[in-house]
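The values are calculated or read from the model by the stated rules, or taken from the named source; none is laboratory data. This one's a predicted model, so the numbers in the text were calculated from it and none came from an experiment. Glycine gets a Cβ as well: all are built from the backbone with ideal geometry, and neighbour counts include every protein chain shown. Surface areas here come from the heavy atoms of the whole protein model, side chains and all, with no ligands, DNA or RNA. Shrake-Rupley method; radii C 1.70, N 1.55, O 1.52, S 1.80 Å.
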Amino acid sequence: MTQGKILFSSGSLWEKIAQTTTHALKCGALKSIPTNLEIIENEQVKFIVRILANLTQKQAAKEKQERKKQETGKEFNPFLPYEQDLFVTDISQTHVCILNKFNVVDHHLLIITRAFEEQESLLTLEDFQAMWAVLNDVNGLVFYNGGKLAGASQRHKHLQLVPIHEYEIPITPLLGKAKFKNGIATIPGLPFLHAFTTLYPDESPEMTLDKYYALLELVNIQAIDNQKQSGAYNFLATREWMLVVPRSQEEYESISVNSLGFAGCLLVKNSQQMQLVKNVGAMNILKKVAFSV
């Protein structure tokens, strides 16, 4: 296998996802979490807020991981090895694609490194090569929870992709108001520190990597200790744009926020948390867990 070579044929990924999904559901490896959905409009954004209908399976899995950790003295890593029943395809020499075991959105993909890398390390050229290989075949929203404060639940480095059309992403109406300077923008409707730029489907992973570092520089995140990040952040990307948001805390009043929150999609555990989102305002919650500007 050659460095940078993509190992699946262009145009074949969706069929592989469908086949793996059918198999994983049949054998019980894929455990979708049902939710009820509400649209809550706040600050010109129609936020998608999902309330979990059943957390039993995911909670049981967490408890099992904790027992293993206590028994072995080692932290459990669900990606090393990953479950074969969730395997979609080899992407490259450095990355594979699997299904998210506890998915809320259908066909939720994980782009994981073959070898262990910390989730608190910065994205690399290899990460962007893998990202573009998947994104060019499956249109969607890619995101990366850069560290525990950014909503990461696993230490093993992984990007994620949910298939979604651009117009379905709640923050899309705000993006047209972006104010650019030297190719990097801020978005007037987002009341927290962030950096935004445009992407092009035919651009090289090297170009995307350069833009990514430019965004990080603007929000004061640097590489320390051999590519470890100096602070937690959320990363989002589509075929058209990329957004970085530094994080100050992982949750607000027990409502956990990951990268999808900054796309306009929140997940709550019960009706009390749903009411809190309505009372406080979804945009204010994002502001509380990021850095105000």
Open item on the list: If the requirement is being hydrophobic (A, V, I, L, M, F, W, C), out of contact with any Lys or Arg (no Cβ under 7 Å at 6 or more places or on another chain) and farther than 13 Å from Ile171 by Cβ, which of these qualifies: Leu286, Leu199, Leu276, Leu267?
Closed with: Leu276
Open item on the list: Given (1) touching a residue at least 12 places away in the same chain (Cβ under 8 Å); (2) open to solvent by 40 Å² or more (accessible area, probe 1.4 Å), identify the lone condition not met by Tyr167.
Closed with: (1)
Task: Meets criteria (over 18 Å from Ala290 (Cβ atoms) and free of Cβ contacts under 8 Å to residues at least 24 places away in the same chain) for Lys179 - done: yes
Task: Listing of strands (runs of 3 or more DSSP E) fully contained in region 180-289 that carry 1 or more residues being out of contact with any Ser or Thr (no Cβ under 8 Å at 6 or more places or on another chain) and either of a type in the set (A, V, I, L, M, F, W, C) or open to solvent by less than 40 Å² (accessible area, probe 1.4 Å) (or both) - done: 195-198, 233-237, 241-246, 265-268
Task: Failed item in (1) at pLDDT below 95; (2) open to solvent by less than 50 Å² (accessible area, probe 1.4 Å); (3) over 30 Å from Leu266 (Cα atoms), with Thr2 passing the rest - done: (2)
